[in-house]
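First comes the structure, then the notes that go with it.
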Amino acid sequence: MREALREADAAIATGDIPVGAVVVDSDGVVIGRGRNRREADADPTAHAEVLALREAAGARGEWRLAGCTLVVTLEPCTMCAGAIGLSRVTRVVYGATDPKAGAVESLWDVVRDRRLNHRPEVISGVLAPECSAALLDFFAAQRDAS
């Protein structure tokens with residue numbers, strides 16, 4: 001999670017919401033990194049999770065990421081939850097909950113819906129205070145600037 005937090009911090013430089021993600025293989029090696037880049041890339045799909053999954057798939061040379069863990073600082077949204085299921089990651093670890101858009105536990109539980117053919121393990125609340133603080137500080141600075 002500390003690696004994901006570093007990615008989140010790097011997102012601030014481009015004016016993006018500080019969300020970071022890493023994909024770790026079964027040996028504990030980081031094979032994918034991502035940070036929010038919606039503002040930087042003018043791309044609504046440039047969420048940290050999607051970018052980390054893309055990089056991991058590229059590193060593996062295949063889209064199936066079985067045996068891998070996605071670690072992300074904020075509970076994934078519905079788009080990212082869909083990408084998680086399609087990537088076949090074995091585990092999702094996240095820090096802060098997202099009561100407004102969370103699709104892993106808060107509003108929906110997309111990744112563990114029993115109607116789907118792939119349901120990863122979910123571990124929530126890892127370094128939640130640090131993950132939440134990064135977001136709260138970012139939005140406080142945005143309010144102060146306006």
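The values are calculated or read from the model by the stated rules, or taken from the named source; none is laboratory data. Just so it is clear, the model here is predicted, and its values are computed rather than measured. FYI the Cβ positions are ideal-geometry reconstructions off the backbone, even for glycines, and counts take in every protein chain you see. Calculation scope for accessible area: heavy atoms of the full protein, side chains included, ligands and nucleic acids excluded. Shrake-Rupley method; radii C 1.70, N 1.55, O 1.52, S 1.80 Å.
Residues in the range 86-99 that are open to solvent by less than 20 Å² (accessible area, probe 1.4 Å) and not hydrophobic (A, V, I, L, M, F, W, C): 87, 94, 95. Of the residues making up the range 35-51, those that are assigned to a loop (DSSP other than H, G, I, E, B) and either under 18 Å from residue 73 (Cβ atoms) or among the hydroxyl-bearing types (Ser, Thr, Tyr) (or both) are 36, 37, 45, 46, 47.
State whether the residues of the range 65-80 include one that is open to solvent by 40 Å² or more (accessible area, probe 1.4 Å), assigned to a loop (DSSP other than H, G, I, E, B) and farther than 17 Å from residue 16 by Cβ. Within the range 65-80, one or more residues are open to solvent by 40 Å² or more (accessible area, probe 1.4 Å), assigned to a loop (DSSP other than H, G, I, E, B) and farther than 17 Å from residue 16 by Cβ. Scanning the range 118-136 for residues that are in contact (Cβ under 8 Å) with a residue 60 or more places away in the chain and open to solvent by 60 Å² or more (accessible area, probe 1.4 Å) gives a single hit, 130.
State all residues of the range 82-104 that are in contact with a Leu (Cβ under 9 Å, 6 or more places away or on another chain) and assigned to a loop (DSSP other than H, G, I, E, B); if no residue qualifies, say none. 88, 89, 90, 97, 98, 99, 100, 101, 102, listed by residue number.
For the range 20-38, the tally of residues that are in contact with a Cys (Cβ under 6 Å, 6 or more places away or on another chain) and closer than 20 Å to residue 97 by Cα stands at 1. Return yes when residue 60 is in contact with a Cys (Cβ under 9 Å, 6 or more places away or on another chain), surrounded by 16 or more Cβ atoms within 10 Å (Cβ to Cβ) and farther than 17 Å from residue 93 by Cβ and no when it is not. Yes: the conditions hold for residue 60.
Using the structure shown, decide if residue 102 is surrounded by fewer than 21 Cβ atoms within 10 Å (Cβ to Cβ) and modelled with pLDDT of 95 or more. No; evaluated as a whole, the condition is false for this residue. Screening the range 15-37 for residues that are surrounded by 18 or more Cβ atoms within 10 Å (Cβ to Cβ) and among the charged types (D, E, K, R) and picking the one that is nearest to residue 92 (Cα to Cα) gives 33.
Here the condition is being assigned to a loop (DSSP other than H, G, I, E, B) and open to solvent by 70 Å² or more (accessible area, probe 1.4 Å); of 54, 143, 115, it holds for 115 alone.
When residue 49 is tested against (1) surrounded by 15 or more Cβ atoms within 10 Å (Cβ to Cβ); (2) over 15 Å from the mean Cα position of the chain (by Cα); (3) of a type outside the set (A, V, I, L, M), exactly one condition is not met: (2).
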